[in-house]
Each structure stands twice: as structure tokens, then as C-alpha cells.
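One structure below.
The values are calculated or read from the model by the stated rules, or taken from the named source; none is laboratory data. These numbers were taken from a predicted model, which means no experiment stands behind them. Methodologically, a virtual Cβ is constructed for each residue, glycine included, from the backbone with ideal geometry; neighbour enumeration extends over all protein chains shown. Surface accessibility is based on the protein's heavy atoms, side chains included, excluding ligands, DNA and RNA. Shrake-Rupley method; radii C 1.70, N 1.55, O 1.52, S 1.80 Å.
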Amino acid sequence: MKAYVDDATCIGCETCPKVCPEVFHMTDEGIAHAIDGKIPEDVQGKAEQAAESCPVEAIDLGD
Ligand code: SF4
């Protein structure tokens, strides 16, 4: 599983890095960014929780 943030949709609410800091961080531009590689299995549940918590559905989880 990998995570992608649509930077045009993200409103910089900082929820995803709070829910799953292993995968998401805020950039200097104030939007979220996901790690490039595969999400470690032990944090996949938290990554899904972060995606569900995003108020603008900017996070996409895929292969
Ligand atoms: S939860 Fe959504 S809107 Fe908030 S920082 Fe993360 S991607 Fe952006």
C-alpha cells in the first residue's frame, strides 16, 4: 500500500500527520506529503484512519 496526497486539494489542516506521523508530514508550503515508498504493514491501519479523517478527501491509498 502507498499513500498519495492531492496537494491541490489539501487545505493544510495538519490532521493526517497527527493521526499517522509515520506516513504523513507537513511541507514548508503548509500542505501534507506522504512518504514515497510503501507503507509499513504495522502502520497501514493508521494511514487508513488518516485518510478517513481528511476533511477534503485529499488522501488516496493505492498499490
Ligand atoms: S488531513 Fe487532508 S487536508 Fe488535512 S493536512 Fe492531511 S491531506 Fe491536507
query = Which residue pairs have Cβ atoms closer than 9 Å, lie 6 or more positions apart in sequence or on different chains, and pair a first residue in the stretch 13-35 that is touching a residue at least 12 places away in the same chain (Cβ under 8 Å) and within 9 Å of the ligand (Cβ to nearest atom) with a second residue that is of a type in the set (V, I, T) and open to solvent by less than 20 Å² (accessible area, probe 1.4 Å)?
reply = C16/V23; P17/V23; A34/V23
query = Can you spot a residue in the stretch 39-60 that is assigned to a strand (DSSP E or B), open to solvent by 80 Å² or more (accessible area, probe 1.4 Å) and out of contact with any helix residue (DSSP H, G or I) (no Cβ under 9 Å at 6 or more places or on another chain)?
reply = no
query = In this structure, is V56 away from the ligand (no atom under 11 Å from the Cβ), modelled with pLDDT of 95 or more and more than 9 Å from the chain's Cα centre (by Cα)?
reply = no
query = Any chance the stretch 1-19 includes a residue that's out of contact with any Pro (no Cβ under 6 Å at 6 or more places or on another chain), open to solvent by 80 Å² or more (accessible area, probe 1.4 Å), assigned to a helix (DSSP H, G or I) and of a type outside the set (A, V, I, L, M)?
reply = yes
